[in-house]
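S.K.: Pasting a structure below so you can have a look.
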Amino acid sequence: MRFNQYSYINFPKENVLSELKKCGFDLQNTANHKDSLETFLRRFFFTYQDTNYPLSILAADKKTDLLTFFQSEDELTADIFYTVAFQLLGFSYLVDFEDSDVFRKETGFPIIYGDLIENLYQLLNTRTKKGNTLINQLVSDGLIPEDNDYHYFNGKSLATFSSQDVIREVVYVESRVDTDQKGLPDLVKVSIIRPRFDGKIPAIMTASPYHQGTNDKASDKALYKMEGELEVSLPHKIELEKPQLNHLVHPQGKAELVAEAEEKLTHINSSYTLNDYFLPRGFANLYVSGVGTKDSTGFMTNGDYQQIEAYKNVIDWLNGRCRAFTDHTRQRQVKADWSNGKVATTGLSYLGTMSNGLATTGVDGLEVIIAEAGISSWYNYYRENGLVTSPGGYPGEDFDSLAELTYSRNLLAGDYIRGNEAHQADLEKVKAQLDRKTGDYNQFWHDRNYLLNAHKVKAEVVFTHGSQDWNVKPLHVYQMFHALPTHIHKHLFFHNGAHVYMNNWQSIDFRESINALLTKKLLGQETDFQLPTVIWQDNTAPQTWLSLDNFGGQENCETFSLGQEEQAIQNQYPDKDFERYGKTYQTFNTELYQGKANQITINLPVTKDLHLNGRAQLNLRIKSSTNKGLLSAQLLEFGQKKYLQPYPAILSARTIDNGRYHMLENLCELPFRPEAQRVVTKGYLNLQNRNDLLLVEDITADEWMDVQFELQPTIYKLKEGDTLRLVLYTTDFEITIRDNTDYHLTVDLAQSMLTLPC
């Protein structure tokens, strides 16, 4: 394990002593270090009647147990302090470590022995081997009564609210959209879990169209075949209109005000463990599925501002600006009189996408978004540079199949009977607007581009994203990160994983950092807490994180020439290989990395240490043998060595306690193990869109073109002696159309280069 501590806040000594005393650690600033440590430990082991026993089973050094040490005349040393500290954090002395000084350096232990009281205070705020901070572990064990009131330690709310006796209720928010045009505002179901508290509390809101279930059968039927010919488009410039959210509707009818919701919430289909963590810390959990989902009304308008507006209206309700009804009759309304009006959003993928969209409305009350692997422009999810593409791992998926997946109203037979015909008619309109024929940018995608409204963002923004996320590609977070107003506080956790959550990893105090932020922003605790702008997981070692000033924006670059000759890429495969790759795109990827596909492979030796940060760019002189051309590119670090793997592995099952003996979850981490290569970045381009996404140009057969091609942004370290492998090819069997026509691309390597921002 390595310690990477970003959540700790330096407080004045008087604050430290006061907070320790409130928890029963009555330490005196004038006491000697040895006495203070013993006082601390006897309180630490508060679950024991006889605290001599736990002291006797800990060691001070290789020859002396801790009880014997306290009974001796020996002085407390740094080595003894560290030895004890590591044991309190769950490491077994003489098993996990033998030399505390060596272990301290290996793990990047954040505490420097000196002022013992401050050392002990920071130790309580340090994560254990099992993923909990010491103070959270103690509170879970009962150090502080579960009194349903707020208690703070180091600027973070503690788990002192009962998670067993909570209020579980359902309300139906009256939105400001009428997506099915029935003449009534759409209703949005809101599932609420909130602690009992005599006062007002903030809300953690997860906007998820998956929450009420998904229609997998309908979605699978709507998948497209990837096989086909790359379309040749007539040259033209794409014209667009400014997106407008028209036809907002007003509240209708009168409703009796009642004191409480009437529908009780039972089972949560899929709660988010970060929300579970915040529930006993005094934050309400709201799960909102949105229009077109089971128990709500309206159509599934995936990604547009009608969908966003309906989610926004839930925040409006929490602030008294919209109504919520007890049920679908709309006869009785209930107010969120428990809400302090302050909201943070959470969730990954579509959930993070909705966070991005909500932030761009500038809605009052949204204080923080935690947008995890979220989309910033839907075009860049289902299209790329003039190409129809699929999200990584989901060949053949497109917007309409996602609409079928998330239109969970069809899971209710009554709704299916009454509404499926209208839903299918709406879906046909969507299909007509998608343009799977050309892959061009158009008004449909323009209306689902949140970057256009990024200037409206008022909330503090936290992103998480993986460098190996080929589902929601890194371009999404990169573009949103740079589109935000300069005065907005923004932060990015950029890890080396794929499309995954990172809130339960051993190496990073993500939960605690978010706790410090939300305690400050939603509970009004005045602290100096500020996350770094970028927190990046170093790809060269396990469990290592660094803070950076920016994502991209590098002034320097490193240029690699690609060769001296001309090389060609044949597009067409023998039928047997084409069929084989189409059945399992993983086979294609394996053989591509091995140099067995139709490709140009260029090995580029790294002659000095490089820290890539931003978008690699290919400058290519290229020609096609026909009037079309699909170009794919991947940049690999090539060579057998240890690399971080894209998916977390379980280190310890069900060890992270999110409250008080509830919702234990797995402790995970990205493995660091040998592989033959690692993808650094990739990209795809329709050569008809070689100069501008909004400009479609002719390709003249056998005529040279100069192409500037930016790959997906990333942050990556290379060391002297490493090897970069650039792979240029046409069809990507996972991502692009599978075109098996007989043509080839030729690249003049002598007139081409790769540029890395460093």
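S.K.: Among the residues of segment 681-723, what is the count of those that are of a type in the set (Ser, Thr, Tyr) and closer than 18 Å to Val477 by Cβ?
M.R.: 3
S.K.: On to the next question. Out of Leu58, Leu66, Leu41, Leu76, which single residue is surrounded by 15 or more Cβ atoms within 10 Å (Cβ to Cβ), among the aliphatic types (A, V, I, L, M) and within 30 Å of Thr527 (Cα to Cα)?
M.R.: Numbers: Leu58 fails: within 30 Å of Thr527 (Cα to Cα); Leu66 fails: within 30 Å of Thr527 (Cα to Cα); Leu76 fails: within 30 Å of Thr527 (Cα to Cα).
Being surrounded by 15 or more Cβ atoms within 10 Å (Cβ to Cβ), among the aliphatic types (A, V, I, L, M) and within 30 Å of Thr527 (Cα to Cα) holds for just one of Leu58, Leu66, Leu41, Leu76, which is Leu41.
S.K.: Hey, among Leu724, Leu728, Leu745, Leu685, which residue is within 15 Å of Asn385 (Cα to Cα) and in a strand (DSSP E or B)?
M.R.: Numbers: Leu724 fails: within 15 Å of Asn385 (Cα to Cα); Leu728 fails: within 15 Å of Asn385 (Cα to Cα); Leu745 fails: within 15 Å of Asn385 (Cα to Cα).
The match here is Leu685.
S.K.: Give the number of residues within segment 96-118 that are out of contact with any strand residue (DSSP E or B) (no Cβ under 7 Å at 6 or more places or on another chain) and part of a helix (DSSP H, G or I). Write out each step before concluding.
M.R.: Pass one, segment 96-118, residues out of contact with any strand residue (DSSP E or B) (no Cβ under 7 Å at 6 or more places or on another chain): 96-102, 104-118.
Right, trim to part of a helix (DSSP H, G or I) and you get 100-102, 104-107, 116-118.
Qualifying residue count, segment 96-118: 10.
S.K.: Turning to a different aspect of this structure: Would you point out the residue of segment 540-557, among those that are more than 18 Å from Phe463 (Cβ to Cβ), out of contact with any Gly (no Cβ under 9 Å at 6 or more places or on another chain) and of a type in the set (S, T, N, Q), that is surrounded by the most Cβ atoms within 10 Å (Cβ to Cβ)?
M.R.: The qualifying residue surrounded by the most Cβ atoms within 10 Å (Cβ to Cβ) is Thr540.
S.K.: So, one more: Being without any contact (Cβ under 8 Å) to a residue 12 or more places away in the chain, over 30 Å from Cys23 (Cβ atoms), assigned by TED's automatic domain parsing to the domain that holds Tyr311 and assigned to a loop (DSSP other than H, G, I, E, B) is true for just one of Gln181, Gln212. Which residue is that? Reasoning before the result, please.
M.R.: Working: Gln212 fails: without any contact (Cβ under 8 Å) to a residue 12 or more places away in the chain.
Checking each option against the conditions leaves just Gln181.
S.K.: Under the condition of being more than 17 Å from His33 (Cα to Cα) and small (Gly, Ala, Ser), which residue from segment 60-94 is farthest from the chain's Cα centre (by Cα)?
M.R.: This residue is Ser92.
S.K.: Any idea how many residues of segment 624-646 are within 14 Å of Tyr729 (Cα to Cα), in a strand (DSSP E or B) and not hydrophobic (A, V, I, L, M, F, W, C)?
M.R.: The number of residues fulfilling the criteria is 3.
S.K.: Sticking with this structure for a sec: Considering every residue within segment 644-651, establish whether at least one is surrounded by 21 or more Cβ atoms within 10 Å (Cβ to Cβ), at pLDDT 95 or above and touching a Cys at 6+ places or on another chain (Cβ under 7 Å). Even if it seems obvious, please write down each step before you answer.
M.R.: Going residue by residue through segment 644-651, those that are surrounded by 21 or more Cβ atoms within 10 Å (Cβ to Cβ) are 644, 648.
Applying the additional criterion that residues be at pLDDT 95 or above yields 644, 648.
Next, from what is left, pick out any that are touching a Cys at 6+ places or on another chain (Cβ under 7 Å): 648.
Yes, segment 644-651 has at least one match.
S.K.: Every residue in segment 285-330 that is hydroxyl-bearing (Ser, Thr, Tyr) and in contact with a Lys or Arg (Cβ under 7 Å, 6 or more places away or on another chain), please. Lay out the reasoning, then the answer.
M.R.: In the first step, residues of segment 285-330 are kept if they are hydroxyl-bearing (Ser, Thr, Tyr); the result is 287, 289, 293, 296-297, 301, 305, 311, 326, 329.
Scanning segment 285-330 gives Ser289, Thr293, Ser296, Thr326.
S.K.: Something else: If I ask for residues that are over 23 Å from Tyr441 (Cβ atoms) and part of a loop (DSSP other than H, G, I, E, B), which ones from segment 362-395 would you list?
M.R.: Residues satisfying the conditions are Gly362, Val363, Asp364, Gly365, Gly393.
S.K.: Same structure, new question: Report yes if Thr30 is outside the structural domain of Asn515 (by TED's automatic domain parsing), in a helix (DSSP H, G or I) and surrounded by fewer than 19 Cβ atoms within 10 Å (Cβ to Cβ), otherwise no.
M.R.: Working: outside the structural domain of Asn515 (by TED's automatic domain parsing): yes; in a helix (DSSP H, G or I): no; surrounded by fewer than 19 Cβ atoms within 10 Å (Cβ to Cβ): yes.
No.
S.K.: Which residues, counting only those in segment 254-295, are over 23 Å from the mean Cα position of the chain (by Cα) and at pLDDT below 95?
M.R.: Thr266, His267
S.K.: What are the residues in segment 81-101 that are surrounded by fewer than 18 Cβ atoms within 10 Å (Cβ to Cβ) and not small (Gly, Ala, Ser), if any? Show your work before the answer.
M.R.: Taking segment 81-101 and keeping what is surrounded by fewer than 18 Cβ atoms within 10 Å (Cβ to Cβ), we get 92, 94-96, 98-99, 101.
Of everything in segment 81-101, those that are surrounded by fewer than 18 Cβ atoms within 10 Å (Cβ to Cβ) and not small (Gly, Ala, Ser) turn out to be Leu94, Val95, Asp96, Glu98, Asp99, Asp101.
S.K.: Does Asp147 qualify as being in contact (Cβ under 8 Å) with a residue 60 or more places away in the chain, more than 18 Å from Gln5 (Cβ to Cβ) and of a type outside the set (S, T, N, Q)?
M.R.: Values: in contact (Cβ under 8 Å) with a residue 60 or more places away in the chain: no; more than 18 Å from Gln5 (Cβ to Cβ): yes; of a type outside the set (S, T, N, Q): yes.
No.
S.K.: Now for a separate question. Residue by residue through segment 119-154, note down the ones that are surrounded by 23 or more Cβ atoms within 10 Å (Cβ to Cβ) and in a loop (DSSP other than H, G, I, E, B).
M.R.: Residues satisfying the conditions are Asn125, Gly131, Asn154.
S.K.: Can you confirm whether Leu693 is crowded, with 21+ Cβ neighbours inside 10 Å and either among the charged types (D, E, K, R) or not assigned by TED's automatic domain parsing to the domain that holds Leu134 (or both)? If you could, list the steps in order and put the result at the bottom.
M.R.: Values: crowded, with 21+ Cβ neighbours inside 10 Å: no; either among the charged types (D, E, K, R) or not assigned by TED's automatic domain parsing to the domain that holds Leu134 (or both): yes.
Considered against the rule, which asks whether it is crowded, with 21+ Cβ neighbours inside 10 Å and either among the charged types (D, E, K, R) or not assigned by TED's automatic domain parsing to the domain that holds Leu134 (or both), Leu693 comes out as no.
S.K.: Test of understanding: among Lys596, Lys608, which residue is touching a residue at least 12 places away in the same chain (Cβ under 8 Å), among the basic types (Lys, Arg) and outside the structural domain of Val461 (by TED's automatic domain parsing)? Steps first, please.
M.R.: Values: Lys596 fails: touching a residue at least 12 places away in the same chain (Cβ under 8 Å).
When all the criteria are applied, what remains is Lys608.
S.K.: Read through the list (1) under 25 Å from the mean Cα position of the chain (by Cα); (2) more than 25 Å from Tyr150 (Cβ to Cβ), then give the number of the only condition that Thr326 fails.
M.R.: Result: Thr326 passes all but (1).
S.K.: In segment 184-203, which residues are among the basic types (Lys, Arg) and assigned to a loop (DSSP other than H, G, I, E, B)? Explain how you work it out, then say what you get.
M.R.: Our first condition is that a residue be among the basic types (Lys, Arg); within segment 184-203, this holds for 189, 194, 196, 200.
Those that are among the basic types (Lys, Arg) and assigned to a loop (DSSP other than H, G, I, E, B): Arg196, Lys200.
S.K.: Residues in segment 449-457: is at least one surrounded by fewer than 22 Cβ atoms within 10 Å (Cβ to Cβ), over 29 Å from Phe283 (Cβ atoms) and in contact with a Phe, Trp or Tyr (Cβ under 7 Å, 6 or more places away or on another chain)?
M.R.: yes
S.K.: In the set Tyr416, Tyr394, Tyr407, which member is among the aromatic types (Phe, Trp, Tyr), surrounded by fewer than 18 Cβ atoms within 10 Å (Cβ to Cβ) and more than 23 Å from the chain's Cα centre (by Cα)? Before the answer, list the steps.
M.R.: Details: Tyr394 fails: more than 23 Å from the chain's Cα centre (by Cα); Tyr407 fails: surrounded by fewer than 18 Cβ atoms within 10 Å (Cβ to Cβ).
Exactly one residue qualifies, and that residue is Tyr416.
S.K.: Now a separate question. Can you name the number of the only condition in (1) outside any strand (DSSP E or B); (2) in contact (Cβ under 8 Å) with a residue 40 or more places away in the chain that Asn340 fails?
M.R.: Just one mismatch for Asn340, condition (1).
The values are calculated or read from the model by the stated rules, or taken from the named source; none is laboratory data. It should be emphasised that the depicted structure is a prediction, and the values quoted were computed from it without experimental measurement. Cβ: placed from backbone, ideal geometry, glycine included. Neighbour counts: every protein chain shown.
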